[in-house]
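The values are calculated or read from the model by the stated rules, or taken from the named source; none is laboratory data. Since this is a predicted model, take the numbers as computed values, not measurements. Note that each Cβ is placed from the backbone with ideal geometry, even for glycine, and that neighbours are counted across all protein chains shown. These area figures cover heavy atoms from the full protein model, side chains too; ligands, DNA and RNA do not enter into them. Shrake-Rupley method; radii C 1.70, N 1.55, O 1.52, S 1.80 Å.
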Amino acid sequence: MISEKKSKRGVFLALVCVCVLLALTIVLENTLDPIKNTILFTVLKKGAVYALVACSMNLLNGFTGLFSLGQAGFMLLGAYTYAILTIPVDQKAAVYYLFGGSAVGFSLPDLFGGADSPVGLILGVVLALILGGVVAAGVAWLIGLPVLRLKSDYLAIATLGFAEIIRAVFQWEKLGPVTNGANALKNFPTFTSFNVKDASGAVVLRLSTFVAFLIAAICIAVILLLINSSYGRAFKAIREDEVAAEAMGINLAKHKRLSFCISSFFAGVGGGMFAMFANQAQAKTFTTAMTYEILLIVVIGGIGSISGSCIASFLYVAASEWWLRFLDSETQLTSIFGFQLAKPFKVPLLRNGFRMVVFSIIIMIVVLFFRRGLMGDKELPDLLRKRRTAKKKGGGDRG
Amino acid sequence: MQFALSIFLSGISLGGQYALIAIGYTLVYGILRLINFAHGDVFMVAGLLMVYLSAFLGSFLSPGAAIGVGLILVLALTVALGFAIERAAYKPLRSAPRMSVMISAIGVSYLLQNFATYITGGLPQTYPALPLLSNNVIIGGVSTKVVTVVTPFLVAVLVIALTQLINHTKVGMAMRAVAKDFETSQLMGIKINNVISMTFVIGSALAAVGSMLYFTNYPSIVPLSGSLPGLRAFVAAVFGGIGSIPGAVVGAFIVGMSESIIKGSPFSIFSDAFTFALLIVILVVKPTGLFGEKVTDKV
């Protein structure tokens, strides 16, 4: 009874936090100068996208214990589905100029009144994102039929292989009228399309970051609800011990397939969002390196912690895109701590590419020495609660 | 006919080069049950070492001597790298779950690639021409490099030497014991850390030889040129039955040959896709591969 009350309070607190965060993104984006702070908003948007994909990977790797490396492939499916379905009809000839127009003659936002009207934009984008997820989940179901029978590292390498196969298929010239071959798909609605404009075309209210956060938050909330349901408990049982779980009456094949499909669904949605973030969808961006990036985010955040994945993805994106940028540029120091130097001192090692070296060393340190990551398998509310009970206990002793 | 012959020749030489990498995978997997994702990058680093060493040594040695000393140094440094990776990244995780070790391997691979990008500035590096190996010969009307012909024989010699080592020496016996049962062999007084280091040393040395043969056929190296050959070699190792050296060699020749055939057909974009499809089919139909032993899971 007490624990139920507590968990309800936790949910309420989490909801309030998310609402505050969402309100904050609107306030930030409309008060800060968008040109001076481009990097901040890039990091926030990319972080939101990566947070969603990392959570979807965590659902599979951290909660069900299925080590899959196919995330980039499912993101690719989502991104392409989104792009193909939302490129406005009058833009198709320009995008598919190499193939003489697209084989897909309609566009979802246009069906609902065009991407310029709010209804058309919102309905079209949301539907296309969901369809992107559905396509990814459908393909995951098909792939899962043979692959989910494999164990740990064989599963990893087989899913990695599938991601590579998907990438090759989407670059095939014969599919050009649909996928535009190896060229990028562009001109579809992106996050910036959600900025509200007045009649003269000037931006009145910036909502691009808010939209990215909102979609990610809704999806992550669904993942969280799933993890806390009876299905989630079954997933965790499978992670802990397959044989024991089966003996307790959990249908292994069904639950593994379910977890794989749902994870792929959200990876697909995340892929669609990635296309919105990047303003284009191109098969060659969704490489194995991208899967590794997401895997490392999951590891840094803690395998089996959703809030850990979210925090880690913002940290990761901010560090790699923003905070460590200075490592990539050659720097001449003329003064140190206010002391003027006689001759400019060239900081050694700083050169293009050094950022990634430092970054991968940091990651190796996390992997080797902080194996539990930021959060271990705890969530943010758990940590707060523990501190509170500890305090209470401490107080009791003194009293 | 000539077209078929040229495809056959390139398939044989690719197969031989993959075989040398695949042995490294199969040995490590046999003992640690770890897909050493960094192995392909060790192979790439060996290639880059040759580029830089031959340029460096060439400044004060005659070209022939520079290449000779370079080859030996590359071999030694690659072995040192493999040894260091095992000690630094895998040994501390010996008691950790398998997933952690695999993530560590992915991290090492990421580090090696980024470090190579930093050193090279991301520019393709031209591989030095090795004497004899880079010369052209004409076989049945097809012009090819000597390395194509030498590769299968060199691979055969190395594999025979390796099987002798594993079957008839004390170290080899220890390796087989550790592969069979990690803990029992430890109880029997085998220093497993030495044995594991030994497998990494052998694997890296073979990868270094493989890189010399492989990159002679290609104009340049980029930091990512190790990852795909590495994955293909891993597929070959699985195909032949992981843990089995003859299996890895046979698998590598099949993978190399099929890649060469597909690259020569209109479906060249699917060459990697085919390799992975092959992997998935094998894993589903016969997970133990061609020569692998069946392992039963104990509860």
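Values for this structure:
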item	result
Meets criteria (touching a Leu at 6+ places or on another chain (Cβ under 7 Å), modelled with pLDDT of 85 or more, closer than 30 Å to A:VAL178 by Cα and β-branched (Val, Ile, Thr)) for A:THR291	yes
Segments classed as helices (runs of 4 or more DSSP H), wholly inside the stretch B:78-191, with at least 1 members that are away from chain A (no Cβ under 13 Å) and surrounded by fewer than 16 Cβ atoms within 10 Å (Cβ to Cβ)	B:146-168, B:170-180, B:182-187
Residue list for the stretch A:197-237, filter: assigned to a helix (DSSP H, G or I) and small (Gly, Ala, Ser)	A:SER208, A:ALA212, A:ALA216, A:ALA217, A:ALA221, A:SER230, A:GLY232, A:ALA234, A:ALA237
Qualifying residue in the stretch A:315-334 (condition: touching a residue at least 60 places away in the same chain (Cβ under 8 Å), within 14 Å of another protein chain (Cβ to nearest Cβ), not aliphatic (A, V, I, L, M) and not in a loop (DSSP other than H, G, I, E, B))	yes
Selection count, the stretch B:1-53, where residues are hydroxyl-bearing (Ser, Thr, Tyr) and either surrounded by fewer than 20 Cβ atoms within 10 Å (Cβ to Cβ) or within 24 Å of B:ASP181 (Cβ to Cβ) (or both)	5
Selection from the stretch A:217-257 of residues that are more than 20 Å from the chain's Cα centre (by Cα) and closer than 30 Å to A:LEU22 by Cβ	A:ASN228, A:SER229, A:SER230, A:TYR231, A:GLY232, A:ARG233, A:PHE235, A:LYS236
Members of the stretch A:232-284 found to be surrounded by 16 or more Cβ atoms within 10 Å (Cβ to Cβ), over 21 Å from A:VAL211 (Cβ atoms) and of a type in the set (Val, Ile, Thr), listed by number	A:ILE238, A:ILE250, A:ILE262
A:LEU296 vs. criteria within 14 Å of another protein chain (Cβ to nearest Cβ) and either in contact (Cβ under 8 Å) with a residue 24 or more places away in the chain or assigned to a loop (DSSP other than H, G, I, E, B) (or both)	yes
Complete set of residues in the stretch A:144-160 that are out of contact with any Lys or Arg (no Cβ under 9 Å at 6 or more places or on another chain), open to solvent by 10 Å² or more (accessible area, probe 1.4 Å) and not basic (Lys, Arg)	A:PRO146, A:LEU150, A:TYR154
Residue within the stretch A:328-339 that is under 16 Å from B:THR117 (Cβ atoms) and surrounded by 14 or more Cβ atoms within 10 Å (Cβ to Cβ) present	yes
Evaluation of B:SER268 against (1) within 14 Å of chain A (Cβ to nearest Cβ); (2) in contact (Cβ under 8 Å) with a residue 40 or more places away in the chain; (3) not β-branched (Val, Ile, Thr) (one fails), failing number	(2)
Yes/no for B:PHE253 being open to solvent by 20 Å² or more (accessible area, probe 1.4 Å) and either farther than 18 Å from B:PHE8 by Cβ or not β-branched (Val, Ile, Thr) (or both)	yes
Failed item in (1) open to solvent by 30 Å² or more (accessible area, probe 1.4 Å); (2) more than 14 Å from every other protein chain (Cβ to nearest Cβ); (3) among the β-branched types (Val, Ile, Thr), with A:VAL169 passing the rest	(2)
Every residue from the stretch B:15-30 that is farther than 13 Å from B:ALA237 by Cβ and either at pLDDT below 90 or within 14 Å of chain A (Cβ to nearest Cβ) (or both)	none
Matching option when the condition is in contact with a helix residue (DSSP H, G or I) (Cβ under 6 Å, 6 or more places away or on another chain) and touching a residue at least 12 places away in the same chain (Cβ under 8 Å), among A:THR192, A:THR159	A:THR192
Cβ-Cβ under 7 Å pairs, at least 6 apart or on other chains, the stretch B:62-89 side aromatic (Phe, Trp, Tyr), far side open to solvent by 20 Å² or more (accessible area, probe 1.4 Å) and part of a helix (DSSP H, G or I)	B:PHE83/B:VAL201
Extreme residue, nearest to B:GLY15 (Cα to Cα), among residues of the stretch B:213-230 that are buried (at least 24 other Cβ atoms within 10 Å of the Cβ) and of a type in the set (A, V, I, L, M, F, W, C)	B:PHE215
Condition check for A:THR42: among the polar types (S, T, N, Q), surrounded by fewer than 24 Cβ atoms within 10 Å (Cβ to Cβ) and under 30 Å from A:LEU224 (Cβ atoms)	yes
Residue check, B:PHE270 open to solvent by 70 Å² or more (accessible area, probe 1.4 Å) and either at pLDDT below 85 or in a helix (DSSP H, G or I) (or both)	no
Criterion violated by A:ALA163 - all others in (1) crowded, with 23+ Cβ neighbours inside 10 Å; (2) under 27 Å from A:ASN30 (Cβ atoms) satisfied	(2)
Candidates A:GLY73, A:GLY47, A:GLY78 - the one that is buried (at least 16 other Cβ atoms within 10 Å of the Cβ) and closer than 25 Å to A:ARG372 by Cβ	A:GLY47
One residue from A:ALA267, A:ALA289, A:ALA253, A:ALA275 being farther than 17 Å from A:GLN71 by Cα and either part of a helix (DSSP H, G or I) or without any contact (Cβ under 8 Å) to a residue 40 or more places away in the chain (or both)	A:ALA253
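Yes/no matrix, rows are residues, columns are (1) in contact with a His (Cβ under 8 Å, 6 or more places away or on another chain); (2) of a type in the set (Val, Ile, Thr):
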| site | (1), (2) |
| --- | --- |
| A:LEU24 | no, no |
| A:GLU29 | no, no |
| A:ASP33 | no, no |
| A:LYS45 | no, no |
| A:LEU59 | no, no |
| A:THR64 | yes, yes |
| A:ASP90 | no, no |
| A:VAL95 | no, yes |
| A:LEU111 | no, no |
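Table: residues versus (1) within 13 Å of chain A (Cβ to nearest Cβ); (2) in a helix (DSSP H, G or I); (3) touching a His at 6+ places or on another chain (Cβ under 6 Å).
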residue	(1), (2), (3)
B:VAL235	yes, yes, no
B:GLY251	no, yes, no
B:SER260	no, yes, no
B:PHE276	yes, yes, no
B:ILE282	yes, yes, no
B:GLU293	no, no, no
